[in-house]
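Each value in this text was obtained by applying a stated rule to the coordinates, not by laboratory testing. Just so we're clear, the structure is a prediction, and the values are computed from it rather than from any experiment. So basically every Cβ, Gly included, is an ideal-geometry build from the backbone, and we count neighbours across all protein chains shown.
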Amino acid sequence: MESFDVIVVGAGPGGATAARTTALAGLSTVLIEKEKIPREKRCGGGLSGATLDELDFPIPDRVIERRCYGMWGIQNNIRSEVRVDHCVATMVTRSVFDAFLVEKAMEAGARVRDSETCLEVHVERERVVVRTEKMHYCAMLVIGGDGVYSVTAKAVRPKWSKREMRFCLVADIPLPKECIDQKMKELVELRYGYIAQGYAWAFPKKNHISYGIGGSAKQARTLKRSFSSYLALHGVTGKARFKGWHIPITEFRHDVVADRLMLCGDAAGFVDSFNGEGIHYAIVSGKMAGHTAVHAFKKRDFSKRMLLGYQEEFCRRNKRDMVWSARLTNLCSRFPRLVFGPLLADRPTILRYFKVMSGEDHFRDWALWIIIRLPWLIVKRFLQRIKASFVSLRDDTRRQAEREEKEEQEM
Ligand SMILES: Cc1cc2nc3c(=O)[nH]c(=O)nc-3n(C[C@H](O)[C@H](O)[C@H](O)COP(=O)(O)OP(=O)(O)OC[C@H]3O[C@@H](n4cnc5c(N)ncnc54)[C@H](O)[C@@H]3O)c2cc1C
């Protein structure tokens, strides 16, 4: 049995950040990961500015695939292109990005054990024991950053409800760099209307485009068909390899801490409902859990009551944004044409959303702002459509008159 101050299970962004935080504070830390690092992670790999700001170090160019300067928002006949002069999303490949975060945890002093699966976490009176297929570890505290199918979570909270689950499919399609430059023009594409509570996306990388679709897990069965038709729109036909994965979105009904245990990232369900962004909250919660662990060591108190401080702090800073994000998602998926269309067609709405992504604005403030503006946007959209029909009717009539005049002249 090996002994540490803190054991972190799972070396994704949440676990690696938690391990770096505790190791930097001088606590002996081990990071246990079931895959060999670098490991594949099914993900779009889009990082918001707010995510990068959470890191206490810069991301080197070798980790960055591309920077994107805006988006195409598409729904039925609405196709809005919004481009700005600053980067709104940094694209990475998760195996490379996550391995880099693990390097930073090791640099801080954390020990890493990869290719080792945590099978069970057992809380005892004076310590907590983690059993892997290779050996036993003990510590004063465990931080569970082991993702949506977390083993650590079994000792903390009940299983996810169906409502809390989203399902995604991804396919990376290789293309020459010049084709990607020409096709994507340093923008991301988000296309709505394929799936409730979600969207399809195309994220440009260096040598491939990362396509994906995700939304309500209830529609998982029909998702393959929707994804095939989305890929066909991009000229991707034939046999693309789809890979699926779940995303958990907490409804904050259960605690994410127990005696000697804390969960972070996907294991805690900390993902944004509106856009499925989870790397940001994984890093935020990993860091907070790490700081709480350091505080618990100072007080020599590892009880649930003490660790609840982490949960309360996370909720105090993020819950209102996450709750508003879920409300807006539900509203948009219940009334996609009425609500979502007008929002997508409105440039100021998207420009202010970019500010949410960069961390300059709060999601809840953005959501309230657009809800107040929504009646006007709906009327505006309605008037635009009447105008468009009127113009097209006028053009048809003119063309018809011209045709008749020509026929008369020919006779
Ligand atoms: C298809 C898809 C696309 C997405 N796109 C984006 C995006 O573009 N931007 C964004 O911000 N978010 C995106 N997300 C969400 C994001 O991927 C997650 O929210 C994020 O990875 C959560 O980080 P984490 O550290 O909590 O968990 P993970 O990244 O899932 O890491 C968990 C780690 O724990 C390990 N592990 C699991 N079980 C055990 C065990 N028993 N023992 C030891 N190790 C274990 C796993 O191997 C893994 O390495 C996407 C998700 C999906 C599914």
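Rounded to the nearest 500 deg cm²/dmol, what is the calculated helix-only ellipticity per residue at 222 nm for the chain, with -39500 (n - 2.57) per DSSP H run of length n ≥ 4? Intermediate results must be reported in sequence, preceding the final value.
Details: 10 runs with 170 residues, N = 411.
Theoretical 222 nm ellipticity from helices: -14000 deg cm²/dmol.
Rank these for me by crowding, Val9, Val129, Val391, going from fewest to most other beta carbons within 10 Å.
Details: Val9 31, Val129 16, Val391 10.
Ascending number of Cβ neighbours within 10 Å: Val391, Val129, Val9.
Taking the alpha-carbon distance from Lys287 and a cut-off under 27 Å, which lysines remain once sequence neighbours fewer than 8 residues away in the same chain are dropped?
The reachable lysines, counting only those whose Cα sits under 27 Å from Lys287, are Lys34, Lys36, Lys41, Lys104, Lys154, Lys159, Lys298, Lys299, Lys304, Lys319, Lys355.
Pulled fully out, how much extra length does the chain show between Lys134 and Leu368, if you take 0.36 nm times their separation in residues and subtract their Cα-Cα distance? Working shown, then result.
Numbers: separation 234, 0.36 × 234 = 84.24 nm, distance 5.16 nm.
Full extension of this stretch gives 79.1 nm more.
Got a sec? Charge dipole of region 122-218, +1 on Cβ for Lys and Arg, -1 for Asp and Glu; which of Met135, Met165, Phe203 is way out at the positive end?
Met165
Using a 7 Å offset from the Cα along the Cα-to-Cβ direction at both Lys387 and Asp255, what is the distance between the two label points in nm, to one decimal?
It is 5.8 nm.
Placing +1 on the Cβ of each Lys and Arg and -1 on the Cβ of each Asp and Glu in the chain, which of Leu231, Pro13, Ala326 has its Cα farthest towards the positive end of the resulting dipole?
Ala326
Determine the gain in length on full extension of the stretch Arg300-Arg347; use 0.36 nm per residue of separation and subtract their C-alpha separation, reporting nm with one decimal. Let's see the in-between values first.
Working: separation 47, 0.36 × 47 = 16.92 nm, distance 5.27 nm.
Additional length available on full extension: 11.6 nm.
Please compute P(r) over all alpha-carbon pairs of the chain, binned at 10 Å starting from zero, and give each bin as a whole-number percent.
With a bin width of 10 Å, the distribution comes to 5, 21, 29, 23, 12, 5, 2, 2, 1, 0, 0.
Rounded to the nearest 20 Debye, what is the dipole magnitude of region 163-248 about its Cα centre when Lys and Arg each give +1 and Asp and Glu each give -1 at the C-beta? Intermediate values should be presented prior to the final figure.
Numbers: 15 positive and 6 negative charges, 74 e Å.
Charge dipole, region 163-248, about its Cα centre: 360 debye, nearest 20.
Once label points are set 7 Å from the Cα along Cα→Cβ at both Asp53 and Glu178, what is their separation, rounded to one decimal in nm?
For the pair Asp53/Glu178, the computed spacing is 4.0 nm.
Label Asp61 and Glu126 with points 7 Å out from Cα along Cα→Cβ: what is the distance between them in nm?
My value for the distance between the label points is 5.5 nm.
What is the extension gain from Asp395 to Ala196, computed as 0.36 nm multiplied by their sequence separation minus the C-alpha to C-alpha distance, in nm to one decimal? Don't jump to the answer; show the numbers that get you there.
Values: separation 199, 0.36 × 199 = 71.64 nm, distance 3.69 nm.
Result for the pair: 67.9 nm of gain on full extension.
To the nearest 20 Debye, how big is the dipole of the chain about its Cα centre, given +1 on the beta carbon of each Lys and Arg and -1 on that of each Asp and Glu?
Numbers: 67 positive and 50 negative charges, 210 e Å.
Around 1000 debye, computed over the chain.
Using only Cα atoms, find the angle between the long axis of helix 220-233 and the longest principal axis of the chain, and express it within 0 to 90 degrees, rounded to the nearest 10.
Relative to the chain, helix 220-233 is tipped by roughly 50 degrees.
With no solvent and one point per C-alpha, what does the Debye sum give as log10 I(q)/I(0) for region 1-90 at q = 0.24 Å⁻¹?
-1.29
Eigenvalues of the Cα gyration tensor times 5, then square-rooted: what semi-axes does that give for region 163-248, in whole angstrom, largest first? Working shown, then result.
Working: eigenvalues 108, 32, 24 Å².
Result for region 163-248: semi-axes of 23, 13, 11 Å.
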